[in-house]
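The values are calculated or read from the model by the stated rules, or taken from the named source; none is laboratory data. Owing to the predicted nature of the structure, the values given are computational and were not obtained by experimental measurement. Quick reminder, even Gly has a Cβ in these numbers, built from the backbone with ideal geometry, and neighbours come from all protein chains shown.
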Amino acid sequence: MTKGFMEVFPELVLEQEVRALFEKVKVERVTTTRQKDLIRVYISCGRLIPKAVIFRVEEEIARQLFPNCNITIKIQEKFQLSAQYNLKSLLETYQESILLELRECSPVEYSLFKSAHISFPDEGKLVLEVPDTVIAHERCPELVRILEKICCERCGIPMEAAAHYCQPKENPRKAEEEIALARKVAMIAAKAGARPAAADYGMSQEQFASVMSGGYSASGNEGQPQYAGGQDGTACNAAQNADSSAAQYGAAGIAGQNGAMPGDRAEGSMQAGGMDDGYEAYLASMGAAAHAAQEAPFEGGTVVLAKAAAAENGMRPEAPAAGQSAPAMGQTAAPAAGTNGTASAGGRNAGGQSKYGKGKFNREGRGDYRRGVKKSDNPDVLYGRDFDEEAIPIEEIIGEMGEVVIRGKIIAMDQREIRNERTILIFDVTDFTDTMTIKIFTLNEQLAEVKEGIKPGAFVKIKGLTMVDKFDGELTVGSIVGVKKISDFTTSRMDHSVRKRVELHCHTKMSDMDGVSEVKDIVKRAYQWGHPAIAITDHGVVQSFPDANHLLDDLWKAEKEKRKAAGDENPDRNDFFKVIYGCEAYLVDDLKEIVTGDKGQVLRDSYVVFDIETTGFSPVKNRIIEIGAVKVVEGKIVDRFSTFVNPRVPIPFRIEQLTSINDEMVMDAPGIEEVLPEFLKFCEGTIFVAHNANFDMSFIMENAAQLNIELHPTYVDTVGIARVLLPHQAKHTLDAVAKTMGVCPGKSITSAVGRCGSNGGNFR
């Protein structure tokens, strides 16, 4: 025996729209586990309920009816949909819900479905076009099974799904990265005395020459000093290469732990493991790179990453530095590898295994992650190590330039907790030439210490490595060496004119899309510059006036105290500074669109008053579901036209609430290709009249164009007439005007004009 959903949960409080939707829901049964920690509610409904609404109701049931209880509510829905639904319309309507559900339970399938191209070759058949990858071959059968279960069992729509594997699209950025990596590996090999050859990278001699051209210059890529120095003790910037490789390809270590190929990358994990898992894998790789960069000691001006890694693993200090053997193309360069490449920069062996166990931090306090976030005696250092390099403008940072120093003001901050008790701190820094995102990885227990000095509004100087974020593709600064606090380097403009101006055109942030400043800041700045007044003229609003008035009071009180302390007379309240309150007003020509397409007709001639109902507001995307009209000749109704129209798509729930028209009512109605010619024949030689005529006529003309019907109508908008004849009325909707004119008093006018007195199925 079924019961109504609100009968089963009478005390549940829901939003009005959600409650209206669930009033037609039936509860088939309710079950629970032996532990009473999970309740399943099986429901049925005659229309689709978005998955986001289902999740919201689950949360509300748990929060309202089972407070302070560790109980999970799971709603199992089943829909009895109308014949208006087919496989294509179901997917178009329900795709967002499917994606939401997949993201919650199957991240890999979510990624595959989101990136797939969907086609419907035949009725009831669906083809998913996905990239031809190992992950796709492995997980597509499960995705197909989930889709068939949703469509067939939940929605009652027969479906047969299949996966089609296509060649993945080439990523131009990936090719550039491969070339850059090849250059870096070749340079490391050259420093170790090896001679790289084209065969080592699977290239032809021409390709290898093109890749390596310019690679051995002292200036390096883009004119940056990346490979200068060597045996004479000058600075060797191989650390930048090692750090960059660790940041960009550090996910290979994580992949190695799980048995993946050494050349697998972080972005591959993102594509295969879904948004959340892939992002966390990428964050972990970046965090390892940042850790290696911060803890590598300096010896003779050269960063010795290998020795740092060897010391952490208990290896001999004399283990050679990275790059003694050139890895094959497609493999990840191990920047801090030990002898024969058996140890990597993070203290892991060739299999990606840490001495402290798989994927675990050193809990004994021996690892550098357990050290404090500050490794300098300089009190200005907020994070990492001290440094003295001069900062460069952010606007001059173009692409991956290696290690840079920037300065700026922190304007926004966010944080995200990731695995292994760590948090990524993400904040934006601006030097007022440009803005850049900074990422710092820290243990959860050290987060409060990091955020003491690194907070919005603080001015800081940062040293780190420029890199392209593999997650969002944006240029960022990672592998942070250090963060120092600095003083405010901004300067304020002053007005030194003898005769001060008065600005009479000024917008605040209350002017949507045309102002970003607070009115208090604007008035205060004008007062500081010695201006006698300023006008506030927002676009059509006056919301900034109270704040401006309050600030004016504060300024007058401060000026009074200042003069009192100096022994001067009190300032004149109305004369020391003025705020001119104004507004940019708009004039609308109410008569402009009353008549469209005028050909000299008069209303004494025949005209047709009509109304339509639609599935939405777009004449291109949405469909007509009803047309109603009356023909008037010499002031008398002489004929009527009324019919439903089968849109051949499901009617949305909101439209059903508004019009009271559902799928069952239009199932047997004719299509628009049959109805529209009959309606235009009914209106032949007359003037069209409608309330908000632009909307109704846009649908009529769009459908006429699709049917190749030439139409040049004259139409009158009764909204414009109502504004002229009822100037003192606040609202000019059809309901409001009808009530004022005494037409259908007390009855809402929401359906088509001609429905009254008709059978709803005939043309006349």
* If you go through segment 619-630 one residue at a time, do you hit one that is under 26 Å from residue 88 (Cβ atoms) and touching a Lys or Arg at 6+ places or on another chain (Cβ under 6 Å)? -> no
* To do: Among the numbered conditions (1) assigned to a loop (DSSP other than H, G, I, E, B); (2) closer than 24 Å to residue 647 by Cα, tell me where residue 702 comes up short.
  => (1)
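Which one of 56, 19, 29, 63 is assigned to a helix (DSSP H, G or I), farther than 30 Å from residue 660 by Cβ and charged (D, E, K, R)? Even if it seems obvious, please write down each step before you answer.
Values: 56 fails: farther than 30 Å from residue 660 by Cβ; 19 fails: farther than 30 Å from residue 660 by Cβ; 29 fails: assigned to a helix (DSSP H, G or I).
63 is the lone residue from the list that is assigned to a helix (DSSP H, G or I), farther than 30 Å from residue 660 by Cβ and charged (D, E, K, R).
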* Asked: Any residue in segment 572-594 that is outside the structural domain of residue 711 (by TED's automatic domain parsing), in a helix (DSSP H, G or I) and in contact with a Leu (Cβ under 9 Å, 6 or more places away or on another chain)?
  -> no
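Is one or more of the residues making up segment 79-89 in contact with a strand residue (DSSP E or B) (Cβ under 8 Å, 6 or more places away or on another chain) and within 30 Å of residue 13 (Cβ to Cβ)? Before you say what the answer is, go through the steps one by one.
Taking segment 79-89 and keeping what is in contact with a strand residue (DSSP E or B) (Cβ under 8 Å, 6 or more places away or on another chain), we get 79-80, 87.
Add one more test, that the residue is within 30 Å of residue 13 (Cβ to Cβ), and what stays is 79-80.
Scanning segment 79-89, I find at least one residue that is in contact with a strand residue (DSSP E or B) (Cβ under 8 Å, 6 or more places away or on another chain) and within 30 Å of residue 13 (Cβ to Cβ), so the answer is yes.
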* Quick one: what pairs do we get from segment 494-510, first residue β-branched (Val, Ile, Thr), second surrounded by 12 or more Cβ atoms within 10 Å (Cβ to Cβ) and part of a loop (DSSP other than H, G, I, E, B), C-beta under 8 Å, 6+ apart or different chains? -> 502/531; 502/532; 508/515; 508/517; 508/518; 508/544
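Looking at 131, 107 in this structure, which one is without any contact (Cβ under 8 Å) to a residue 40 or more places away in the chain and either touching a Gly at 6+ places or on another chain (Cβ under 9 Å) or over 23 Å from residue 79 (Cα atoms) (or both)?
Working: 107 fails: without any contact (Cβ under 8 Å) to a residue 40 or more places away in the chain.
Criteria check complete, one pass: 131.
Anything in segment 505-537 that is of a type in the set (Phe, Trp, Tyr) and either in a loop (DSSP other than H, G, I, E, B) or under 17 Å from residue 582 (Cα atoms) (or both)? List them, or say none.
Of the residues in segment 505-537, the ones of a type in the set (Phe, Trp, Tyr) are 527, 529.
Matches in segment 505-537: 529 only.
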* What's the number of the condition residue 488 fails, among (1) more than 30 Å from residue 464 (Cβ to Cβ); (2) modelled with pLDDT of 85 or more? -> (1)
* Residue count, segment 106-128 (criterion: under 17 Å from residue 162 (Cβ atoms), outside any helix (DSSP H, G or I) and either out of contact with any Phe, Trp or Tyr (no Cβ under 8 Å at 6 or more places or on another chain) or modelled with pLDDT under 90 (or both)) -> 10
* Residue list for segment 76-101, restricted to those being assigned to a helix (DSSP H, G or I) and of a type in the set (Phe, Trp, Tyr) -> 94
* Report, by residue number, each residue of segment 570-604 that is at pLDDT 80 or above and of a type in the set (Asp, Glu). => 584, 598
* Structure fact -> Filtering segment 12-48 down to residues that are over 22 Å from residue 153 (Cβ atoms) and either touching a helix residue (DSSP H, G or I) at 6+ places or on another chain (Cβ under 7 Å) or assigned by TED's automatic domain parsing to the domain that holds residue 657 (or both) yields 12, 13, 14, 18, 20, 23
* Asked: Looking at this structure, is residue 417 outside any loop (DSSP other than H, G, I, E, B) and either hydrophobic (A, V, I, L, M, F, W, C) or surrounded by fewer than 14 Cβ atoms within 10 Å (Cβ to Cβ) (or both)?
  -> yes
* To do: Can you tell me which residue among 457, 473 is within 26 Å of the chain's Cα centre (by Cα), farther than 26 Å from residue 379 by Cα and part of a loop (DSSP other than H, G, I, E, B)?
  => 473
* Asked: Can you name the number of the only condition in (1) part of a loop (DSSP other than H, G, I, E, B); (2) at pLDDT below 90 that residue 553 fails?
  -> (1)
* **residue 640 being of a type in the set (Lys, Arg), in contact (Cβ under 8 Å) with a residue 24 or more places away in the chain and under 26 Å from residue 708 (Cβ atoms)** => no
* Among the residues of segment 670-684, is there at least one that is touching a residue at least 40 places away in the same chain (Cβ under 8 Å), farther than 19 Å from residue 715 by Cα and surrounded by 18 or more Cβ atoms within 10 Å (Cβ to Cβ)? -> yes
* Identify the single condition in (1) at pLDDT below 90; (2) over 14 Å from residue 626 (Cα atoms) that residue 760 does not satisfy, given that it satisfies every other one. => (2)
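Select, from 195, 183, 103, 173, the only residue that is at pLDDT below 90 and under 29 Å from residue 89 (Cα atoms).
Details: 195 fails: under 29 Å from residue 89 (Cα atoms); 183 fails: under 29 Å from residue 89 (Cα atoms); 173 fails: under 29 Å from residue 89 (Cα atoms).
103 is the lone residue from the list that is at pLDDT below 90 and under 29 Å from residue 89 (Cα atoms).
Can you tell me which of 137, 117 is without any contact (Cβ under 8 Å) to a residue 24 or more places away in the chain and over 30 Å from residue 29 (Cα atoms)?
Working: 137 fails: without any contact (Cβ under 8 Å) to a residue 24 or more places away in the chain.
Being without any contact (Cβ under 8 Å) to a residue 24 or more places away in the chain and over 30 Å from residue 29 (Cα atoms) holds for just one of 137, 117, which is 117.
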